[in-house]
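The values are calculated or read from the model by the stated rules, or taken from the named source; none is laboratory data. What you are looking at is a predicted structure, and each value in this text was computed from that prediction instead of being measured. Here the Cβ is made from the backbone with ideal geometry for all residues, glycine too, and neighbour counts use every protein chain on show.
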Amino acid sequence: MIEKKPIIFLLLATLTILVGTVITMVLPFRWINDPKLAIASVKPYTPLQLEGRDIYIREGCNNCHTQTVRPLLSDTERYGEYSKSGEFVYDQPFLWGSRRNGPDLARIGGKYPDAWHVKHMKDPRSMVPRSNMPSYDFLNRPLDTSLSEKKMKALKFPYTPADIQALQGKSEMDAIIAYMQKVGNDIPWRKTGKAEVLGELKNPFQGNMSVLPEGQKLYAEHCAQCHGIELKGEVGPDLRDLDQPDAKVFTSVYGGIAAGGMPSFGDTLGKERTWKVVTYLKSVHRK
Amino acid sequence: MDSASIYYLGVTLLLFLVFAAIVARTYSRKQKAKGEQPKYRMMDDDYPSDEKKGGRDVRRK
Amino acid sequence: MNQQEGYADDIVKGFVIWSMVWGLVAVLVGVFISFQIAFPQLNFPPYLTYGRLRPIHTNAGIFGWGIGSFMAFFIYITQRLTRTSLWSPGLAKVQLWLFNVVIALAAVTLAMGMNRSKEYAELEWPVASLVVVLWVIFAVNIVMTIVKRREEQMYISLWYILATLVGVAVLYLVNNAAIPVSLTKSYSAYAGANDANVQWWYGHNAVAMVLTTPPLAIFYYFLPKATGVPIYSHRMGVVAFWSLIFMYLWTGAHHLLWTPVPDWVQTLAMGFSVMLIAPSWAAVFNGYFSMNGQWHQMRENYLVKFLIFGITFYGMQTLQGPSQAVRTFSAFIHYTDWVPGHVHMGTLGWVSLVLFAAIYYTVPRLYHTEVYSVPLANVHFWLVLTGQLIFSITMWIAGVQQAAMLNATNPDGSLHYSFIETMVELYPYWHMRALGGVIYLAGLLVFLYNIYQTIAGGKAQAAAQRA
C-alpha cells in the first residue's frame with residue numbers, strides 16, 4: 001500500500017495538490033483577461049513609463065504601496081474608482097502589493113502635478129510632514145536606456161524609434177513620475193466619478209475669526225507644500241487677495257481643479273475643515 | 001438548479017466519498033495495528049538497521 | 001560521515017550552523033527595517049532602503065533560516081526513519097555549498113535592486129534557476145534514501161517531507177516563469193489579474209509547503225523523541241495529511257479578496273480556508289493528546305516547552321488565518337499592520353520555536369555531548385516568547401485601530417480621516433514593535449551562544465578522548 005511505496009505515494013500527493021491548483025489557478029486563465037473584459041482606453045506603457053515602472057519595481061515601492069482600489073466605501077471615497085481587471089492587462093508583473101504602509105497608488109495618475117512629485121520624492125516630509133517614506137533624491141541621475149528597446153520587444157508593446165530617441169537626457173526621476181502619472185489614469189474616472197457637493201454652499205464660519213488659527217494650521221499641513229507657507233505660490237499659484245466667492249474657493253479645494261493639477265482635498269479634510277481653510281485663505285492679503 | 005450546480009454538487013459528493021474512503025480505510029480494524037506501528041518503531045531509530053535490531057531491507061524482501 | 005553510527009551527520013551539522021547564521025541575518029535585518037518604519041531617517045538610499053531590505057528580510061528568514069534548517073532536519077530525520085544512511089553524502093555536500101551561494105547571491109542581488117517584485121519569489125531568473133538546481137539535488141537525495149530504506153512503513157514525518165519536496169517544486173517553477181530581458185532583468189510571464197492569482201496561489205502555498213508541512217514533519221518527529229512517548233495517533237496524522245495538502249492549494253485567493261480576481265475564485269479560497277481549520281487542529285490535538293500524563297514535562301523538559309508552545313501558536317495561527325480569509329473581516333484588516341502581526345506569530349512563534357527545539361535536541365547528539373546550559377535555554381525561551389508576543393499583539397491593535405480610523409465616516413457620509421492621519425497614529429505601535437524585535441534578537445543571541453558553547457564543548461571532549 002501507499003505508505004510502503006514512496007514513488008506511488010509521491011504521485012498521489014502530486015495529484016492531490018494539483019486538484020486545487022488546476023481549479024483555482026489554471027482554469028481562471030480562461031476568464032481573467034478575457035478580450036470581453038478589455039477596456040479600449042487602457043494603453044500599453046510607453047518606453048519612458050515602462051522604465052519608470054521598472055524603477056518602481058527595483059526600489060520595492062510595492063512593499064509599502066498597493067495598487068488596487070477595492071469596491072469598499074473606505075477605499076473608493078479615499079482613492080477613487082475601484083480597480084477593474086481590464087486595467088491591468090499590460091502589467092507584467094502585477095503590482096497590487098499586500099500592505100499599505102503608505103497610501104494606495106492605483107489612482108495616483110493625474111492626482112498631483114509633476115512638480116509635486118519631484119518635491120515629494122526628493123524630501124517626502126516637506127510635502128507630508130509626518131510621512132515615513134524614504135527620500136528618493138538619488139533618482140535625479142541619468143536613466144539607463146541600454147535595455148529600453150529590448151524591454152518593449154519582450155513585452156510586445158508598440159513603440160517608435162522616436163520614442164526610444166526621446167529617452168535621451170531623461171533622468172530616473174522623469175521616468176518614475178511618467179509612470180505614476182499613467183497609473184490608473186487610462187479610464188476617465190476623474191470626470192465621471194468626481195464627488196458632487198450637494199446643497200447650498202454657504203460658509204458656516206464666515207466672519208468667524210476664531211477658526212483662523214485652525215485654518216492656518218490646516219493650510220500649513222495640506223496646502224503650504226505647493227502654495228508656500230506665506231501663500232506666495234510655488235508649485236501652485238499665489239493665493240493672496242483671492243478674488244473669488246467662498247463657494248468657488250470651497251469647490252476648488254474640496255473637489256480639486258483637474259485641469260490645473262490641483263488635487264482634491266475633500267476626502268482628506270471633509271467639509272467642515274475645508275470651510276476653515278477657505279475662511280483662512282480669504283483672510284490673507286498682501287501687506 | 002441548473003446543470004452547472006448539479007455538476008458542482010456531483011464533484012463535491014465525489015470528493016466527500018474519497019475523503020470518507022480514506023477515513024474508513026485508515027480507521028478500519030485491519031489497519032489498526034499496522035497504521036499505528038510506525039509511531040512505535042520511530043522511537044528506536046538512533047542506530048541504522050542491522051539484523052539484531054529487527055530492521056529489514058525491504059528491497060531484498 | 002559519522003562512521004560510528006552509520007548516518008551521514010556531518011552534513012546535518014553544516015546545515016544547522018548555516019541556517020542559524022542566515023536566521024541571525026534575517027532577524028538583524030528585520031529589526032533594522034522595523035526601526036526604518038518608525039524612523040525614516042534610517043533609510044540610506046540606494047541600497048539600504050526599506051523597499052530593498054524587506055525582501056532580504058523575508059528571503060533570509062524563509063529560505064535561509066527556514067529552508068536551511070529544514071534541509072538539515074529532513075536529512076537527519078529521513079536517515080533515522082528509514083534506518084539507512086543518506087543516498088549520497090557527496091551530493092549533500094554540494095547542496096550545502098550551493099545553498100549558501102544562493103542565499104548570499106539573493107541578499108546581494110536584492111540589495112542591488114534586482115527584484116521581480118513578486119513576494120517570496122523576488123529572485124531574478126539566474127538566481128531562481130540555481131534554486132531549482134538546489135531543490136532537485138535535495139529532492140533526489142531524500143527520495144532515493146527513502147526508496148532504499150530498511151524500514152517497511154513510512155512514519156508520518158516522511159509523508160510531510162515527500163509532500164514538501166514535490167509541492168515546493170511545482171509552486172516555484174510555475175510562479176517563476178519569466179520573460180528574460182537580460183541577466184539581471186526579467187518580466188513575469190503572466191499579466192495583471194492572472195499574475196496576481198498565480199502569485200498568491202504560490203504565496204499562500206509557500207506558507208503551506210515551506211512554513212507548515214516541514215515544521216509539521218519536524219514536530220511529529222521531535223515531540224515523541226523529546227518526551228519519550230509515541231505520538232497520540234498516527235492514523236489521525238494520516239487523515240489530516242491528505243486533507244491538509246488537498247485543501248491548502250485552493251486558498252491562495254484569500255490574499256486577493258475584493259480585488260479584480262473572479263469572485264468565485266475568492267469564494268472558493270474563503271471556503272477552503274475555513275475548512276483548513278480541521279486538519280490543522282488535528283495536528284494540534286495530536287500534539288496535546290500525546291502529552292496526556294506527560295504535562296509535567298512542560299516544567300521539567302525545556303524541549304517540550306518549545307514544542308508545545310510552538311504547536312499552540314500553530315493552533316492560534318490556523319484559527320486567525322481562516323478568520324482573516326473571510327470577506328468581511330478581510331475588508332477591515334487587510335493591508336493593515338494586523339497581517340504582519342499574524343505572519344510573525346507563525347514564523348517566530350510556530351516555525352522558529354519548533355526549529356529551536358529540534359536544534360537543541362540534535363546538536364548535542366551530533367557532537368556527542370550535553371547541551372551547554374539548560375538555564376540559558378530557558379532564558380532564550382522567555383526572551384523570544386516575550387519579543388514575539390509584543391510584536392504580534394501591538395501589530396494586531398495597530399491594525400484594528402487603523403482599520404477603524406480608515407472606515408470612520410462623518411454624518412454626511414464622507415470619510416473622517418485622511419490616510420496620513422491614520423498612519424501617524426501608528427508610530428507608537430511601531431516603536432513597540434521595534435522593541436519587541438530587539439528583545440527577540442536578544443533571545444536569539446542567547447540561543448546562538450548556547451549552541452556555540454555546546455559545539456565547542458563537544459569538540460573539546462572529542463579531542464580529549466583522542467588524546
For this session: Would you tally the residues in region A:34-92 being among the acidic types (Asp, Glu), within 24 Å of A:Phe265 (Cα to Cα) and either in contact (Cβ under 8 Å) with a residue 40 or more places away in the chain or not in a helix (DSSP H, G or I) (or both)?
Result: 2
Exercise. Filter region A:124-151 for residues that are at pLDDT 95 or above and of a type in the set (Lys, Arg); which is nearest to A:Ala224 (Cα to Cα)?
Worked result: A:Arg141
Exercise. Do you know which residues across region A:59-73 are more than 7 Å from chain C (Cβ to nearest Cβ) and farther than 13 Å from A:Ser98 by Cα?
Worked result: A:Leu73
For this session: State whether the residues of region C:271-287 include one that is more than 29 Å from C:Val304 (Cβ to Cβ), within 14 Å of chain A (Cβ to nearest Cβ) and of a type in the set (S, T, N, Q).
Result: yes
Problem set entry | Residues that are without any contact (Cβ under 8 Å) to a residue 60 or more places away in the chain, facing another protein chain (nearest Cβ under 10 Å), in a loop (DSSP other than H, G, I, E, B) and of a type outside the set (A, V, I, L, M), drawn from region A:110-148 | A:Arg130, A:Ser131, A:Asn132, A:Pro134, A:Ser135, A:Arg141, A:Ser146
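Residues are listed down the side, and each one gets a yes or a no for (1) within 8 Å of another protein chain (Cβ to nearest Cβ); (2) touching a strand residue (DSSP E or B) at 6+ places or on another chain (Cβ under 9 Å); (3) among the polar types (S, T, N, Q); (4) closer than 30 Å to C:Leu307 by Cβ:
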residue: C:Val136; (1), (2), (3), (4): no, no, no, no
residue: C:Leu171; (1), (2), (3), (4): no, no, no, yes
residue: C:Asn175; (1), (2), (3), (4): no, yes, yes, no
residue: C:Ala189; (1), (2), (3), (4): yes, yes, no, no
residue: C:Thr213; (1), (2), (3), (4): no, no, yes, yes
Seminar exercise, completed: Note on region A:239-266: residues among the acidic types (Asp, Glu) and buried (at least 18 other Cβ atoms within 10 Å of the Cβ) are A:Asp246
Exercise. Quick one: how many residues across region C:409-451 are assigned to a helix (DSSP H, G or I) and in contact with a helix residue (DSSP H, G or I) (Cβ under 9 Å, 6 or more places away or on another chain)?
Worked result: 30
Exercise. From the list C:Gln401, C:Gln388, which one is more than 10 Å from chain A (Cβ to nearest Cβ), over 26 Å from C:Gly310 (Cβ atoms) and touching a helix residue (DSSP H, G or I) at 6+ places or on another chain (Cβ under 9 Å)?
Worked result: C:Gln401
Exercise. Of the residues C:Tyr220, C:Tyr248, which is more than 13 Å from chain A (Cβ to nearest Cβ) and buried (at least 22 other Cβ atoms within 10 Å of the Cβ)?
Worked result: C:Tyr220
Problem set entry | Looking only at region C:140-169, and only at residues there that are within 14 Å of chain B (Cβ to nearest Cβ) and polar (S, T, N, Q), the one that is farthest from B:Thr26 (Cα to Cα) | C:Thr145
Problem set entry | helices (runs of 4 or more DSSP H) contained in region C:288-355 and holding at least 1 residues surrounded by 21 or more Cβ atoms within 10 Å (Cβ to Cβ) and at negative phi | C:302-324, C:327-333, C:338-344
Seminar exercise, completed: Just one listed residue, out of C:Thr369, C:Thr422, C:Thr386, is at negative phi, under 22 Å from the mean Cα position of the chain (by Cα) and assigned by TED's automatic domain parsing to the domain that holds C:Trp350, and it is C:Thr386
Exercise. Which one of C:Leu211, C:Leu244, C:Leu183 is without any contact (Cβ under 8 Å) to a residue 40 or more places away in the chain and not β-branched (Val, Ile, Thr)?
Worked result: C:Leu244
Exercise. Considering C:Leu42, C:Leu98, which residue is modelled with pLDDT of 95 or more and within 17 Å of C:Ile142 (Cα to Cα)?
Worked result: C:Leu98
Exercise. Any residue at all in region C:120-130 that is touching a residue at least 24 places away in the same chain (Cβ under 8 Å), in contact with a strand residue (DSSP E or B) (Cβ under 7 Å, 6 or more places away or on another chain) and either assigned to a helix (DSSP H, G or I) or at the interface with chain A (Cβ under 10 Å from one of its Cβ atoms) (or both)?
Worked result: yes
Seminar exercise, completed: Reported set for region C:410-423 where residues are at pLDDT 85 or above and surrounded by 14 or more Cβ atoms within 10 Å (Cβ to Cβ) is C:Leu415, C:His416, C:Tyr417, C:Ser418, C:Phe419, C:Ile420, C:Glu421, C:Thr422, C:Met423
Exercise. Of the conditions (1) assigned to a helix (DSSP H, G or I); (2) over 20 Å from A:Glu172 (Cα atoms); (3) in contact with a strand residue (DSSP E or B) (Cβ under 9 Å, 6 or more places away or on another chain), A:Asp104 fails just one. Which one is it?
Worked result: (1)
Problem set entry | Verdict on A:Glu272 being charged (D, E, K, R), over 22 Å from the mean Cα position of the chain (by Cα) and surrounded by fewer than 20 Cβ atoms within 10 Å (Cβ to Cβ) | yes
